[in-house]
Structure formats: structure tokens, C-alpha cells
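Read through the structure below, which is laid out as C-alpha cells, and then see the notes.
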Amino acid sequence: MRIALFSPLSPLQTAIADHVEGLLPYLAEFAEMDLFIDDGYVPSNPTVRSNFVVHNYRDFPNLASQYDIAVYHMGNEPNYHGYIYHMLRQYPGIVVLHDLVLHHCIYGLTVAKGDIEGYLAEMRYSYGREGEIVATQIVEGRNPDLMYRYPLMERVLDSSRGVIVHNNYALHQVWKKRPKLPAVCIPQHFYLPDGLTFTEDRKALRERFGLEGRFVVASYGILGDKHLNITLRAFSRFRRTFPEAVYLLVGPIADDVVSLVRSLGLEDVVRIVGWQDPIHFVRYMLVADLAIQLKYPHVGGTPYTPIRLLGLGIPTIISNIEPLAEIPENCCARVDLGGTEEDELLVIMEYLATHEASRQEMAENGRRYVQENHDPRKVALQYKRFIERTLSTPARVAPGIGQTISWQERLIEDVATILAEWGISADDDHLLLPIAEAIASLGFYGEEVLGE
């Protein structure tokens, strides 16, 4: 099997690059893969460079016939996934949908480049006249939060032969949109970057980073969406009881975070570490006594960093959001959304800091859970099975804007949407078809124009 795999790679500052590079060696056990990347950089990971052929994506039209299928890793960042969005529309394949909300990506590919009509067209395609009205409001700067309510994943789904997501919430959202589209939930994999082992000396790392004798709280990743206004205020109150505590911010931050740290008088105890390469990113995880990974609003995908923290045995506090609902209660602590987040977070922090045995029990439960459910070889095997099943199924041809579809086909889609909400999968045609046939016997005929 030959696969053309499209994804951002290191040194681009995205967790998806780290995620993909960690799974590549396991996928390579069952398939020959070439990698297709965007303009402007050379992969920095030596394992990638030495084991895979890397092409610029512009070469793909001349090479497409050499591959059995293309696999696209799609996320919500236009600078990293714009080329992938354009390619998958021309060459349908399997989409690994890291984010359900792609609105920000498409906005960045259209409005941010002066193409307002292109944005309106995408919103009309997905949501008809309602979408056009909402798009106008967003372009005018009104109600930007509507981007989360109108995810704009529809075009991507219609350009896909199959979809892989990483949590059951995302799977059901895909089924609601396109019930007959082959889709599967495959967990995120846990792995350590090349050069790291489970025998890393945490004590030595703490000494190296000047953290000996400190209670270390930390947050990781793209920190603009981690509710640092809440966590830093809670941490400021936490230090009244635990004055030796220090807070690490490991990842890129916005300027307002620096201002917030100063306003709270935390300059001496909040360390802004910034973006780190994969090895040092994990090493900074290993020195934490407690990690805080709040995230809301979410874009439907499974945040990768909490999975890695749990796999490393780091006690972790997360937001109580749907994409993380599958993590068992005894493996982490959850903060509910709403006006009491700061107070609730403080209570959890103080309890875990005071009860070391509970903290360690949570850490061990999380580590065991991730080892059992996020093993990269098991994950790669699930990819293999889904890709093979997709290749054995005739490619679906989705109707485009302005093309007509029969009312019977629309009926089946509508009924399937309802059944998907009840947990019925896209493969249950034995339930869908009899219902459609029964309604068809009423004698209603006609055609509709998709998107109008």
C-alpha cells in the first residue's frame, strides 16, 4: 500500500506536527509513505528526513497516480493547513480531522486575504441563506463567537472518502453532518520523542531547571486558549498557602499574559519558558507536580497535550469539555465551565498539593489508562484497518453546489441525521432504507438544489 500523507511537520510550531511525526514509524510498518508539505521550510526531524521521501505539495498532481490513497491531517490553522484544504478538495482521500471547527482556517484563507466573496460562498455552501447572513455579521466584526457555532467542516467532509477523528464526541458530530460518510474514532497515540526514555531523571531535571524545593505548577502548548486569566489568578491565591510554588508557562503566549503576570505581582514566580522543541517540551512536563490544561471554547478535537501529560504520570487538571469526556474520572481532575472556574480550580489545586497520595494515585491511574488505550502500535493498526476498508469501498461522489439530488437521497440523509443523534451509525442502512421507502410510497416527487 502506498500512501501520500499531507501534514505540517517540525519545525512548524504546531502539536499536529509532533503528533504525526510520532506515529509515522508505526504507520510505516504496514504502508509505504511519502510526505507532502507546504512551501517555505525543510523538515527538521532527522528521523523524518532519513526514513521518508518528502515532496512539496505542488508535485502531487504529477505523482498522484503512484499512490493508493492520500491521507490529509486537517486542523484549524490557515498558515499550516491551507494547502491541505486546497489539495483535499482536488484529490479526495482520508481526512484526519484534528479539529471540527475549521471556520478560522477558512476565514484566514478567504477574508484575511481579501476574498470576502469566497468566504460568503463557503458559508452558503454549508448553511444556505442563514450562513450568508451569519458570514456578513462576522465580516463586519459582529458576533465572532459564531465561528464556533458554524464549524465550516462541511466542504471538507464532502471532499473526503473517509474521516478519522480522535474522540466519540467528534465522531457523532461528523455523523450528524454526513451520516453516510465512512468515519471512525481512533484515539490519539502516546509516544516519547526520539532521544527520550521513561528513565529520565526527574530530580536531575528539576535541579537543571532551578526548581529544586519548589512545588511546580505548569501549563503547556499554545497558551492563548488555556484561560490563563483564570489559572494565574487562582495561582496567585494558591501561593498564600504554598509560597514556594512556581508556575511554568511552556509555549507561546500573548502580550496580555505578560501584563497579567505583572498586575498580579507574579514576575518572580511565573516563568515564561516559551516554545520548546519536542524533547525539551516533554522534559518540562516531567518536572511538574501539577499541570493545568483548561480549554474553552473548544474546536471539537482531542487536545494532545493532556494525553501526553497523563501518559507521563503527571497529575493534570482539565476543563470539563466533550472532547475529553472519555478520560476516566479517576485519571484527572475536571473544572466545570462557568463563573466559578477560578474558585473551583483553587480548591482542586490546594487539595492535590496537600494530599500527595491522592495526587500520585491520580497520576498512576492516568499513566495506566494511556498505556492501555493510546498505544501507538494499536493506534496504527486501527489506521491500517480503516484505510483498507476505505480502499475496498467505491469512492463516494458528493454533489456540489448547484447540482440536483433526488428527494429520496435527501430524505435518507435527513432521516440518518436524526438516527445519528440516537447513536445509530452511518452503516445502518437496514434501518434507514425501509423508512425512506415507506415515505416514498406516499407519492411525493421532486428535486432540490443542494445548498439553496
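The values are calculated or read from the model by the stated rules, or taken from the named source; none is laboratory data. For clarity, every value in this text was computed on a predicted model and none was experimentally measured. Cβ: placed from backbone, ideal geometry, glycine included. Neighbour counts: every protein chain shown.
Can you confirm whether N76 is under 23 Å from the mean Cα position of the chain (by Cα) and in a loop (DSSP other than H, G, I, E, B)? Considered against the rule, which asks whether it is under 23 Å from the mean Cα position of the chain (by Cα) and in a loop (DSSP other than H, G, I, E, B), N76 comes out as yes.
Take I3 and decide whether it is of a type in the set (V, I, T) and within 26 Å of I222 (Cα to Cα). No. Against the numbered list (1) closer than 30 Å to T354 by Cβ; (2) of a type outside the set (S, T, Y); (3) free of Cβ contacts under 8 Å to residues at least 40 places away in the same chain, V258 comes up short only at (1).
For residues that are over 17 Å from P187 (Cβ atoms) and hydrophobic (A, V, I, L, M, F, W, C), scanning just the range 25-44, find the one that is surrounded by the fewest Cβ atoms within 10 Å (Cβ to Cβ). Per the stated criteria, the residue is V42. Would you call Y26 part of a helix (DSSP H, G or I), closer than 21 Å to K384 by Cα, touching a helix residue (DSSP H, G or I) at 6+ places or on another chain (Cβ under 6 Å) and aromatic (F, W, Y)? Yes. Scanning the range 164-216 for residues that are within 17 Å of the chain's Cα centre (by Cα), assigned to a helix (DSSP H, G or I) and free of Cβ contacts under 8 Å to residues at least 60 places away in the same chain yields one hit, L171. Checking R161, R155, R142 one by one, the residue that is among the charged types (D, E, K, R) and in a helix (DSSP H, G or I) is R155 and no other. Within the range 335-379, if we keep just the residues that are of a type in the set (G, A, S) and either within 30 Å of L27 (Cα to Cα) or modelled with pLDDT under 95 (or both), the residue that is surrounded by the fewest Cβ atoms within 10 Å (Cβ to Cβ) turns out to be G339.
Annotation: T14 fulfils all but one of (1) farther than 15 Å from V71 by Cα; (2) crowded, with 19+ Cβ neighbours inside 10 Å; (3) touching a strand residue (DSSP E or B) at 6+ places or on another chain (Cβ under 9 Å); the unmet one is (3). Does L88 count as part of a strand (DSSP E or B) and under 30 Å from G118 (Cα atoms)? Judged against the criteria, L88 is not a match.
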